[in-house]
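Trainee: One structure coming up, written as C-alpha cells, with questions to follow.
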Amino acid sequence: MSATHAPTEGQVPVETKLEWLVRMHEIRFFEEECQRLFTDGSVRGSTHLCQGQEATAVGGCAALEPGDTMTCTYRGHGAVLAKGAPLDRTFGEIMGKANGLCGGKGGSMHLTDVSVGAYGSFAIIGAHLPIAVGLALGERYTDSDRVSLCYFGDGATNIGAFHEALNMASVFKLPVVFFCENNLYGEYSPLANTTPITDLADRADSYNMAKAIIDGNDVDVVFEATREAVRRGRAGEGPTLIEAKTYRHKGHSRTDPAKYRPEGELEEWLKRDPIVLLEAKLAEAGVEQGQLDALKDDAEQRVVAALDTAKSWPDPDLSTRLHHVFA
Amino acid sequence: MSTITPEAATTTATYRQAIIRALGDELEADPSVFLLGEDVGAAGGPFKMTDGLYERFGAGRVMDTPISEQAIVGAAIGAAVKGLRPVGEIMFADFAGVCFDGIANELAKYRYMTGGQVTLPVTLRLGGGVGAGFGAQHSQNAENWFLNVPGLKLVTPATPADAYGLLRASIQDPDPVLFFEHKHLFNHKGPFPERPAIVPLGVADVVRAGTDVTLVGTQAMRFKAERAAEALADEGISVEVIDPRTIAPFDHATVIDSVQRTGRLIVLQEASPDGSWGASVISRVVQENFEYLDAPPRLHAADDTPVPYAENLETAWMPTVRTIVEAVRATVAY
C-alpha cells in the first residue's frame, strides 16, 4: 500500500479523489475492526479511534511527497495508514504479532513505519512536536527541501512542548507543518472548559507563524491547506499552523462511551461525515453510485483480508523483548 | 620487549579545555556532528565550554537556541533520526527536569518501541556537580534520575583526558548518551597527551592499586578518594581507588575483581543515597560476591536533603576527605 500522493499544484483529478475515498473507507473499516478486537478482548491495552477524522489523515498525507516525514499521536491509526503503512502489518502491530510494524513492541499507540515516512505515533501529549521540529532541522542541515508534517490534537495546544516547538520552528524558519486536529474534546472535557480561545490556530500569531483554520471534514479543503503549507515549507518560508475543525465519532478511548456530549451533537456531525461529504462531491462530479459502492465493498474486503493475514502471524519470539534497547 | 615505543608527549589541560578540544575535533572529523543549546554559539557557552567553536564552525553547526530544553531535546532526537549526530547542551543538569519527558519517554524509548526502526546517536551534555555555591536548583548530580531508564548511557568523567576521550566516544556512539560535566572540575588541570585517546564507554579506571579496601567514586569524589588513600597509606591501610567513568553501562567486572582481592567496598557518591548507582553497585556485589566480603559494604553518600547553599552546609552535605578516611577506618576495623 502506498500513500495517495496528489499533484503539487493545480486541480486534483477525480481519479486521485477516488483513491482518497478508498483510503478513507479503509481507515474507517480498519477502525471498526479495531473496535471489535478490543471489545471482544482479543487485543490488549487501550485504543483511540479516529472514525470521523479520516479527511485530516488522508488529505494531509496526500500533500506530502516521498522523503517527507509524518509524525502523529496515539490516535494515529488513520494517519499511519494514510501515509502508506500496510493494513496487515498495522493490524499485526495492534495485535502484538511478530510481523507487526514494530515487531509487537509498540502497539496501538506507537504505530511507526519509517519505510513509508511514518516516523512515529507518540502517546505523551505534545511530546512529538519538538521531534517534528528536529526532523525538519535535520532536513535543513542536509540542504534537503523535505518537510515535516506533525499531527496533534487540540489538547496539545495547552502543553508546554507545543509552545517550545512552535517558537523554535518559527525562529529557525523550519519546514514544519503543525497540523492540529481539533475534535473539540480534550479527553472528556469540551474545549471551552480548558481553553480560553475557540480558534486554536490563533496561537500561531504569537510565533509570527502562518496559520489556516479549515473544515477538517472536507478532504479537498484539508489537502489544499496542507499543500500550501508544504509549499511554504519547501520554499523556505517557514512553518505553518493548520487547525482543522473535526469530530471523533467515538469516545476518547476504548472505555469511554462519550456520554458527556450534548444530545444531538454527534448526529449533526454525522451529517458532515467526511466520507459522506466526499462521496456526494464525487457523485456530483459524475461518478456513478455503483462505482462508489464497489470501491467501498473492495475496501472492506481488503481490510477483512488484512486482518485475517495478521491473525495468522505468530506472536513475537520471546528473545526479541531484549532487542533494540541499544543499537 | 625489545621494541622501544617513545611515550607520547604529555602536557596539561583543564577539564574545560579538554571538552572544547573534543567538541572541536568531532566537529572537524564528522560533518554530521552539530551543537545546539542556550548560548553555546556566539557567547561561547554559559560556562565557556564551547568557546571558539562558533567562530571556527559557524552558526550552522553551533546553534544558539531559545531557552527551551524540551525543544532542544526534541530537535536533537528528530535530527538524529535523520542521520545526524546532534550534541545538545543542558546548561545545568538540574534543568533536565524541564525536559525529563523528552529524555526518559522519547529519547530512551523511541528505538525500542518502534522495533529498531530508528537510531538515536544523541549526546546531551549536562553541567552537574556540587561545591560551587549554586544552591539547590543549580548544583545537584542528576545522573541517578536516569538510572532506572533503560536505553540511556550515562557518562561521568573526572579528569581532562577522560573528559576528552569519553566525550568523543559519546558523540561517536550510536545510542543516546547523557554526558555529565562536573562544574567544580571545569578549571581542574591534569595530564593531557598531545594526541589524546578516545576512551570507550563502560570501562572503569583503576586509579590506584591497593589491597585492603576498594573505594569507588566518580568525578570530584574520585579525587577525594585519592587524597584519602594517600592519607591512609601513612597509617598502613592500602586503598584501591576505582573511577567507573560511566554509570551506565557500568563496569561491574572491574569492581568485583577488586572486591574479590580487598574484601571491602565503599562507594562514594556526591548525591543522596536512595535509588542510586552506588546503591546498585553494592546490591550487585552483595548478591554475587557475598562470600568475598570481610565487612559490610558501605555507601558513603550525601545527606538525604536538597543541596544547601551556605559554604559550611554545602561542604558538610557531601563526603569529604576526612569523612572518607573515617569510613575506611571503620570498614577496615569491622
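Each reported figure results from applying straightforward, stated rules to the coordinates on display, with no laboratory input. Computed from a prediction, not measured in an experiment: that's the story for all the values here. FYI the Cβ positions are ideal-geometry reconstructions off the backbone, even for glycines, and counts take in every protein chain you see.
Trainee: Calculated from DSSP H runs of 4 or more alone, at -39500 (n - 2.57) each and per residue, what is the 222 nm mean residue ellipticity of the protein assembly as shown, nearest 500?
Mentor: That calculation yields -11500 deg cm²/dmol at 222 nm.
Trainee: Find the relative contact order for chain B and round it to a whole percent, using C-alpha pairs within less than 8 Å whose residues are 6+ positions apart.
Mentor: 16 percent
Trainee: Answer rounded, prolate or oblate for region B:205-333, using the Cα gyration tensor with square roots of eigenvalues a ≥ b ≥ c: rounded when a/c is under 1.5, else prolate when a/b is larger than b/c, else oblate.
Mentor: It is oblate, given that a/c is not under 1.5 and a/b is not larger than b/c.
Trainee: Which residue fluctuates most in the GNM of chain B (Cα springs below 10 Å): B:114, B:246, B:214?
Mentor: B:114
Trainee: Let me ask something else. Any idea which of A:214, A:292, A:307 is furthest toward the positive side of the dipole for region A:14-311, if Lys and Arg beta-carbons carry +1 and Asp and Glu beta-carbons -1?
Mentor: Selected residue: A:307.
Trainee: Could you work out which residue, out of A:280, A:306, A:161, moves most in a Gaussian network model of chain A, that is, has the largest mean-square fluctuation with Cα springs under 10 Å?
Mentor: Evaluated over chain A, the most mobile residue of the options is A:280.
Trainee: Continuing with the same structure: Starting at the first residue of region B:318-324, write each ³J(HN,Hα) from the Karplus equation 6.51 cos²θ - 1.76 cosθ + 1.60 with θ = phi - 60°, in whole Hz, x for Gly and Pro.
Mentor: 10, x, 10, 4, 4, 5, 5
Trainee: Tell me which residues come under 5 Å, amide H to amide H, from residue B:62 once H is placed; ignore anything under 5 positions away on its chain.
Mentor: Sorted by chain and number, the residues that satisfy this are B:35.
Trainee: Which residue, A:222, A:114, A:22, has the most motion in a Gaussian network model of chain A that connects Cα atoms within less than 10 Å?
Mentor: Its mean-square fluctuation being the largest, the pick is A:114.
Trainee: Once phi is turned into ³J(HN,Hα) by the Karplus curve 6.51 cos²θ - 1.76 cosθ + 1.60 with θ = phi - 60°, what whole-Hz value does each residue of region A:9-17 show in order, with x for glycine and proline?
Mentor: Coupling constants for region A:9-17: 8, x, 5, 8, x, 4, 4, 5, 5 Hz.
Trainee: If you stretched the chain out fully between residue A:260 and residue A:199, how much longer would it get, using 0.36 nm times the residue separation minus the C-alpha to C-alpha distance?
Mentor: 19.8 nm
Trainee: Now a separate question. With θ taken as phi - 60° and the coefficients 6.51, -1.76 and 1.60, list the Karplus ³J(HN,Hα) couplings across region A:238-253 in order, rounded to whole Hz; mark glycine and proline as x.
Mentor: x, x, 9, 10, 9, 10, 9, 7, 8, 7, 8, 6, 9, x, 4, 9
Trainee: Suppose the chain between residue B:260 and residue B:330 were pulled fully straight at 0.36 nm per residue; how much longer would it get relative to their current alpha carbon spacing?
Mentor: Computed gain between residue B:260 and residue B:330 is 23.3 nm.
Trainee: Here is a follow-up. Relative contact order for region A:121-239 using alpha-carbon pairs under 8 Å, separation at least 6, rounded to a whole percent?
Mentor: Reported as a whole number, the value is 29 percent.
Trainee: Work out the FRET efficiency for residue A:321 and residue B:148 from their Cβ-Cβ distance, taking R0 = 22 Å, and round it to the nearest 0.05.
Mentor: Computed FRET efficiency for residue A:321 and residue B:148: 0.80.
Trainee: Give the longest segment of chain B that steers clear of GluC sites (Glu not before Pro) in DSSP loops with at most 15 neighbouring Cβ atoms within 10 Å, not counting the sites themselves.
Mentor: It runs B:8-193.
Trainee: Below 8 Å between Cα atoms, with a sequence gap of 6+, how large is the relative contact order for chain A in percent?
Mentor: 23 percent
Trainee: Quote to one decimal, in nm, the extra length available between residue B:198 and residue B:12 on full extension: 0.36 nm per residue of separation minus the C-alpha distance between them.
Mentor: 65.3 nm
Trainee: Quick check: from the Cα gyration tensor, does region A:164-322 come out rounded (a/c under 1.5), prolate or oblate?
Mentor: It comes out rounded by the Cα gyration axes.
Trainee: Consider a paramagnetic label point 7 Å from the Cα of residue A:284 along Cα→Cβ; state which residues of region A:30-58 have an amide N under 14 Å from it.
Mentor: Once the point is set 7 Å along Cα→Cβ of residue A:284, nothing inside region A:30-58 turns out to lie under 14 Å by backbone N.
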